[in-house]
Amino acid sequence: MKKKIFVLFIVIISLPIFLLVLNGTATPDQVLDHDICHTVPGGYTISADINGTTVNPSDAIIFNVTTSDVIIFNVTATGTFLFVQAPNETTTVMQNKDIKILPTTDKILDGSGEDKDSNPNSMIITFNITIPETDGFYYLFILAGNNSASGAPAFSHIIIGFSVGGVAPPEPEFEIFDHFGLLLGMSALILLSVGTILVLINENKFVKIHGIFSGASWILTLINAISLINQFDLNNIDIWFSFEPFWVHVSHIILGATGLFTGLLSMLFGIAAERKYAKLTGYITLACWWTGYILGLIIVPPALDDLIINILPIVMSLIIPVSIGVLLWYVEAKLRKNRMKSK
């Protein structure tokens, strides 16, 4: 019977790990973090003057406009090998493609016909933009950077918000694994699963290691939950339920919370030597956390193109629980040895 349960656990653990290697990611959302691949500001400056209001890179200024408004403003930039550009793109940080932008959405080079500043390493560009005909909120993204650099050039940028019809800015996006849930979650699951397998093999021999591994797993999950809660804006509860698929996300939360509660009960029952109830709550915890983890992979779209980035968190997901387990095992062995000496 124990061999069958052991094989079952191996299968249960192997499938999610295989899916993790293929699709997993623990890197936080880097949409706004240009420092990852660019040097920002990298010696470049940029600002805009809109109706007497100066917009600098650190500003979060919103202009209330109406549909089809035409806005003319100057952008000033400085830096070597300089270019200015309002990219013709629509992403999570810009809706430039929805806005009609003149004179161009291509790079405007220092000293070109659109540059009104004759001095080198300094540019003044007059942009003429037409607001969309549909109510909404639009971010205009304009950057000044190094035209001589290959790959990811150094640059500085400004983001200007336009509210059409009084529409509020979009809520900040938040991915379920921005809080490194994959890394901590997998570490906790490996610790809990290994501890469960060991006690199934030989309960009397491995009961202490099982307790240590399971306790460490619960602590990691608690840290994981706290780090997740800290990412949310407590003043905006709606974002807590903004993930899709909605019921998958809700189930993910319920399973994680249930496992955290039953895991605590399992520890308490184990301390009280109530093995029957400790096993029952322990199995519930294991089932809830593995199921919730797999649902988390469904919430976050696969990132097959980011496998290289994912190698580190995958390796760390294996190293962390093993290191914690070995350390706790060593400490427990030392304490046991000292108690024997004292006797």
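The values are calculated or read from the model by the stated rules, or taken from the named source; none is laboratory data. Owing to the predicted nature of the structure, the values given are computational and were not obtained by experimental measurement. Reconstructed Cβ throughout: ideal geometry from the backbone, glycine too, with neighbour counts over all protein chains shown.
Given (1) modelled with pLDDT of 80 or more; (2) in a loop (DSSP other than H, G, I, E, B), where does Gly195 come up short, assuming only one miss?
Unmet for Gly195, out of (1) modelled with pLDDT of 80 or more; (2) in a loop (DSSP other than H, G, I, E, B): (2).
When you scan segment 245-343 for helices (runs of 4 or more DSSP H) that lie fully inside it, which ones turn up with 2 or more residues that are surrounded by fewer than 20 Cβ atoms within 10 Å (Cβ to Cβ) and modelled with pLDDT of 80 or more?
Values: elements: 246-271, 275-299, 307-342.
Ranges flagged: 246-271, 275-299.
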